[in-house]
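Following: one structure in structure tokens, then a few remarks.
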């Protein structure tokens, strides 16, 4: 028994070390005063100079703002479409085309990003030619095309998350509300949505992160002036890593960590409130 616990603790520590030691090293080197990211300048470090230069870098700041806009729009649209798809797959039972809808909804999960990016590029090129031929208008590629392309693959993740939550969902409260005369639309907005809100929030955060992190699909569908932050970082890394990239990555880690902690606290409070309301309903019933 002791040997098993020792093995489990050792495996857990090794797993955490493998995941987080490189991130910790990157954060430490973001305070390095040397231009060489792998050489620590003990005499002049730590320093915040690279953070100041980062915020003065217009290219990175503009790319970060573009990425935030694209990720927010694609995540919001993916949550709306993915929630509807998950609801249909979880609640409507067998129907004609269910297998096709399920396969199409989850296909982007296993589809290589190169294929997705190339297919979306061909679609946008064909639509651009069609619009130019019939209406004399060429919309070009930019933020909108990247957003649409990101929706196509982030929606699949939201669908899986919401469908999994609805599969284990207790619909007794919905049935009770409809027995009391509530209409289906009101039941959905007042009961179903609040109860599955943690899954919807998780899907939005996942979609936002995937869109923010994407390089391949954005590279295929980007246009002039629509370079995302990962594209800019990738171009800089190929020419040599700058300490500014370490500072930027550190800020991103802190933002993501804060978002995860806040969402976890919110979902914990929502779950406690839901259990408390269920207990009150049972006691009053």
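Each value in this text was obtained by applying a stated rule to the coordinates, not by laboratory testing. The shown structure was predicted, so the numbers you read here are calculated from the model rather than taken from an experiment. Every residue, glycine among them, receives a Cβ derived from its backbone with ideal geometry; neighbour counts consider all protein chains shown.
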Margin query: Against the 2.2 N^0.38 Å scaling, with N counting residues, where does segment 35-171 land? I'd like the Cα-based Rg ratio to two decimal places.
Written below: 1.52
Next item on the list: For residue 135 and residue 110, compute 0.36 nm times the residue count separating them, minus their Cα-Cα distance, and round to one decimal in nm.
Entry: 5.3 nm
Notebook entry, point to check: With springs only between Cα atoms under 10 Å, which of 164, 34, 99 fluctuates most in a Gaussian network model of the chain?
Noted result: 99
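Kindly provide the helix-only [θ] at 222 nm of the chain, computed as the sum of -39,500 (n - 2.57) over DSSP H runs of four or more divided by all residues, to the nearest 500 deg cm²/dmol?
-26000 deg cm²/dmol
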Next item on the list: Sorted from largest down, give the three principal axis spans of the alpha carbons of the chain, whole angstrom values.
Entry: 73, 72, 36
Checklist line | Contour minus Cα-Cα distance for residue 185 and residue 65 (0.36 nm per residue) | finding: 39.5 nm
Note to self: Please check: in the Gaussian network model of the chain (C-alpha springs, under 10 Å), which one of 192, 83, 154 has the largest mean-square fluctuation.
What the structure shows: 192
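For segment 138-191, what does the alpha-carbon gyration tensor say about shape, rounded, prolate or oblate, given a ≥ b ≥ c as the root eigenvalues, a/c under 1.5 as rounded, and a/b over b/c as prolate?
Here segment 138-191 falls in the oblate category.
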Check: What angle do you read, to the nearest 10 degrees and between 0 and 90, between the alpha-carbon axis of helix 197-213 and the longest principal axis of the chain?
Finding: 30
Notebook entry, point to check: Any idea what the relative contact order of the chain is, in percent, if you count C-alpha pairs under 8 Å spaced at least 6 apart?
Noted result: 30
Check: Modelled label-to-label distance, residue 261 and residue 193, 7 Å Cα→beta-carbon offset: nm?
Finding: 3.1
